[in-house]
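Student: So that we are looking at the same thing, I have put the structure below in structure tokens.
The values are calculated or read from the model by the stated rules, or taken from the named source; none is laboratory data. Owing to the predicted nature of the structure, the values given are computational and were not obtained by experimental measurement. Positions of Cβ are generated from backbone atoms using ideal geometry, with glycine treated the same way; all protein chains shown enter the neighbour counts. We work out accessible area using only protein heavy atoms, side chains counted, and drop any ligands, DNA or RNA first. Shrake-Rupley method; radii C 1.70, N 1.55, O 1.52, S 1.80 Å.
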Amino acid sequence: RVLSGGADGKVCVWSASGGPARATTLLGHVGSVSCLALSAPHTGAAQHALSASYDKSIRLWSLDRPAEASSAACLRGHRAPVLKLVWAAELLASADREGAVLLWDLRTGAHTPLGAHTPLG
């Protein structure tokens, strides 16, 4: 699977196995998609995707059945567009345009502010 996101707020999940490429469109963001992450495939485990957006949200998508993919969670806590995601197991770090970094527990949706980057000078 390959993910793409656009200025239209859509996330596309592309599958090219055994024929022409096909895309499933995931809807939910109301701003441009800025960052995407795909979980590593594990035998017997569900596959998930994360998307970040200029709408200041992060969405967790369940990809068990691509044709029926849906937003499993919408994470809100940023006050500026979310530009970066770093995902490790059940933890997610996200950073926004104002420099704020949040650490998320994907099991609960709770977040902890880690601080913010500040301009030099």
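Student: In percent, what relative contact order does the chain have, based on Cα pairs under 8 Å that are 6 or more apart in sequence?
Tutor: The value is 15 percent.
Student: Go from 0 up to the bin containing the longest alpha carbon distance in the chain, width 5 Å each, and give me the % of pairs per bin.
Tutor: Histogram of Cα-Cα distances, whole percents per bin: 2, 11, 22, 23, 19, 11, 6, 3, 1, 1, 0.
Student: Sticking with this structure for a sec: Assigning unit charges at the beta carbon (Lys, Arg +1; Asp, Glu -1) and nothing else, what dipole magnitude in debye, to the nearest 20, does the chain show about its Cα centre?
Tutor: Using Cβ point charges on Lys, Arg, Asp and Glu, the chain gives about 120 debye.
Student: Using the Karplus equation 6.51 cos²θ - 1.76 cosθ + 1.60 (θ = phi - 60°), what ³J(HN,Hα) coupling, rounded to whole Hz, does each residue of the stretch 51-61 give in order, writing x for Gly and Pro?
Tutor: Karplus values, whole Hz, x for Gly and Pro: 9, 10, 8, 5, 7, 6, 10, 10, 10, 9, 10.
Student: Okay, next question. For the chain, with the dipole built from +1 on Lys and Arg beta-carbon atoms and -1 on Asp and Glu ones, taken about the Cα centre, which of THR118, TRP61, LEU102 lies farthest toward the positive end?
Tutor: Farthest towards the positive end: TRP61.
Student: Rolling a 1.4 angstrom probe over the protein chains, ignoring ligands and nucleic acids, what is the accessible area of ARG59 in square angstrom, nearest 10?
Tutor: Accessible area, nearest 10 Å²: 40 Å².
Student: If ligands, DNA and RNA are left out, what is the accessible area of SER4 with a 1.4 Å probe, given in Å² to the nearest 10?
Tutor: The accessible area of SER4 comes to roughly 40 Å².
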